[in-house]
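Visitor: One structure follows; several queries about it will come next.
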Amino acid sequence: MKKLILALVLLCSATTMIAVNPQTVYAKSGGSSTNSIPASQVPKAVKRSFKSQYPDATRIEWEYKPVYYGTPIYTASFRLGSQKWEANYTADGNFVSAYPKA
């Protein structure tokens, strides 16, 4: 019985390790496979939402994450004063999250 339980635990662990792949799930910091893009490639709805939320942002850089928990995400890395921040948006401009960077 113990061997059966151990085999099931190992099988579940292996399946989980295969399913969680850095190409499909990104960490808060952006993961291992992000793509910097010029502002000209960011959808207007995303830039409009960002600008309305962070009108005083400076040093704005954009990244495109093709899959972030199943949804394409545009990430703005920027500064508010001396603090570095990141904000995430869906392609249609919906705000997802924002946080200060360490």
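Visitor: Return the pairs, sorted by first residue and then second, in which the second residue is of a type outside the set (S, T, Y) and outside any helix (DSSP H, G or I), the first residue lies in the stretch 41-54 and is without any contact (Cβ under 8 Å) to a residue 12 or more places away in the chain and at positive phi, the beta carbons are less than 7 Å apart, and the residues are 6+ apart or on different chains.
Guide: The qualifying pairs do not exist here.
Visitor: Only one of (1) touching a Phe, Trp or Tyr at 6+ places or on another chain (Cβ under 8 Å); (2) assigned to a strand (DSSP E or B) is not met by F50, so which one is it?
Guide: Going through (1) touching a Phe, Trp or Tyr at 6+ places or on another chain (Cβ under 8 Å); (2) assigned to a strand (DSSP E or B) one by one, F50 breaks only (2).
Visitor: Of V25, V67, V9, which residue is at pLDDT below 95 and assigned to a loop (DSSP other than H, G, I, E, B)? Please lay out each step first, then the result.
Guide: Working: V67 fails: assigned to a loop (DSSP other than H, G, I, E, B); V9 fails: assigned to a loop (DSSP other than H, G, I, E, B).
Result: V25 is the single residue among V25, V67, V9 that is at pLDDT below 95 and assigned to a loop (DSSP other than H, G, I, E, B).
Visitor: Let me ask something else about it. Specify the residue that is nearest to I37 (Cα to Cα); the eligible residues are those in the stretch 72-89 that are among the polar types (S, T, N, Q) and in contact with a strand residue (DSSP E or B) (Cβ under 6 Å, 6 or more places away or on another chain).
Guide: Initially, the stretch 72-89 is screened for residues among the polar types (S, T, N, Q), giving 75, 77, 82-83, 88.
Filter once more, so that each one left must be in contact with a strand residue (DSSP E or B) (Cβ under 6 Å, 6 or more places away or on another chain): 75, 77, 83, 88.
On the way: T75: 10, S77: 12, Q83: 22, N88: 14 Å.
Result: T75.
Visitor: Considering only residues that are surrounded by 18 or more Cβ atoms within 10 Å (Cβ to Cβ) and of a type in the set (A, V, I, L, M, F, W, C), look in the stretch 59-87 and name the one that is farthest from the chain's Cα centre (by Cα).
Guide: Only one residue tops the list, namely F78.
Visitor: List the number of the failed condition for D56; all other conditions in (1) surrounded by fewer than 10 Cβ atoms within 10 Å (Cβ to Cβ); (2) modelled with pLDDT under 85; (3) of a type outside the set (S, T, Y); (4) more than 15 Å from S97 (Cα to Cα) hold.
Guide: (2)
Visitor: Whether any residue in the stretch 76-92 is at pLDDT 55 or above, touching a helix residue (DSSP H, G or I) at 6+ places or on another chain (Cβ under 6 Å) and in a strand (DSSP E or B) is what I want to check. Steps first, please.
Guide: Taking the stretch 76-92 as the starting set, the residues that turn out to be at pLDDT 55 or above are 76-92.
Of the ones still in play, those that are also touching a helix residue (DSSP H, G or I) at 6+ places or on another chain (Cβ under 6 Å) are 76, 89, 92.
Retained after the next criterion (residues that are in a strand (DSSP E or B)): 76, 89.
Yes, some residue in the stretch 76-92 is at pLDDT 55 or above, touching a helix residue (DSSP H, G or I) at 6+ places or on another chain (Cβ under 6 Å) and in a strand (DSSP E or B).
The values are calculated or read from the model by the stated rules, or taken from the named source; none is laboratory data. The structure displayed is predicted, hence computed values, not measured ones. Backbone-built Cβ (ideal geometry, glycine too); neighbour counts: all protein chains shown.
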